[in-house]
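In what follows, a single structure is set out as structure tokens and then discussed.
The values are calculated or read from the model by the stated rules, or taken from the named source; none is laboratory data. Note that the coordinates shown come from a computational prediction; the quantities given were computed from them, not determined experimentally. Here the Cβ positions follow ideal geometry from the backbone for every residue, glycine too, while neighbour counts run over all protein chains shown. Keep in mind that these areas ignore ligands, DNA and RNA; they rest on the heavy atoms of the full protein, side chains included. Shrake-Rupley method; radii C 1.70, N 1.55, O 1.52, S 1.80 Å.
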Amino acid sequence: MENPWKEIDLKIYEEHMSSAEVCQLQTLNKITKEQLQDNCHTYVGFVGVGGGNGLGNIDIGETKKVYAIDINKKYLNSCKERYMHMGDTLDLICKDLTDENFQLPYTNILICNLIIEFIGEKEFVAIIDKNKINIAVISCVIQKNNNNSFVSNSKSDSHLDPILSIHHDINEYRLKEAFSIIKFNCIKRKIYMLPDGKEFIRMDFKQ
């Protein structure tokens, strides 16, 4: 089955995510700023970078390389256009994280915000385990729905229906346990409330 993220239009996705009733794009940008401030970020990886939300928080004077990884080539093209000032610091990688032949580059911090929901806890941690020699800290954001639908209500929400076919509900305690098995400890946890009653839970893990 073709991954539905290859067909989701970036403009529609960003309109949905940034709408007042959803406010997830703005919240993720704030979180990314904190993720970078809290961790060494000489080498940074963004998995599921989309159109580059959060890349504006990169200080290219302090950062040697930013790996922007996404399955959608059009998203990466938008990143390139929006962040041309980053020059060779920005390395665009069009890959599916679940591709068994793909090896993650070395990073001080690997940012994985709202990506685990489309892979699954065990599967995601298995990918990290396979690549852990290249990962110092992994900082991820998962969504807690609190009895709401996974895709928040907006005028554009129906356009995102295809991603429901690969959606997994992520439990933070199962995720933490899965990471502990591969010797990654949770070093930070923070909750961010969203307008519709959902929560973003940020969890940082370190070997």
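Couple of notes before you dig in:
- Any hit, region 181-192, residues being over 22 Å from ILE31 (Cα atoms), loosely packed, with under 14 Cβ neighbours inside 10 Å and among the β-branched types (Val, Ile, Thr): yes
- Some residue of region 47-67 being touching a Leu at 6+ places or on another chain (Cβ under 9 Å) and hydroxyl-bearing (Ser, Thr, Tyr): yes
- Restricting ASN108, ASN147 to those that are polar (S, T, N, Q) and touching a strand residue (DSSP E or B) at 6+ places or on another chain (Cβ under 8 Å) reduces the list to ASN108.
- Filter result for VAL141 (touching a strand residue (DSSP E or B) at 6+ places or on another chain (Cβ under 9 Å) and within 21 Å of TYR13 (Cβ to Cβ)): yes
- Among the residues making up region 146-159, those that are touching a residue at least 24 places away in the same chain (Cβ under 8 Å), open to solvent by less than 80 Å² (accessible area, probe 1.4 Å) and over 17 Å from the mean Cα position of the chain (by Cα) are ASN146, ASN148, SER152, SER154, SER156, ASP157.
- Some residue of region 153-173 being aliphatic (A, V, I, L, M), under 26 Å from TYR43 (Cα atoms) and either touching a strand residue (DSSP E or B) at 6+ places or on another chain (Cβ under 9 Å) or part of a helix (DSSP H, G or I) (or both): no
- Filtered residue count, region 145-173, keeping only those that are of a type in the set (D, E, K, R) and in contact with a Phe, Trp or Tyr (Cβ under 8 Å, 6 or more places away or on another chain): 1
- Whether a residue is at pLDDT 95 or above and β-branched (Val, Ile, Thr) was assessed, and VAL151 does not pass this test.
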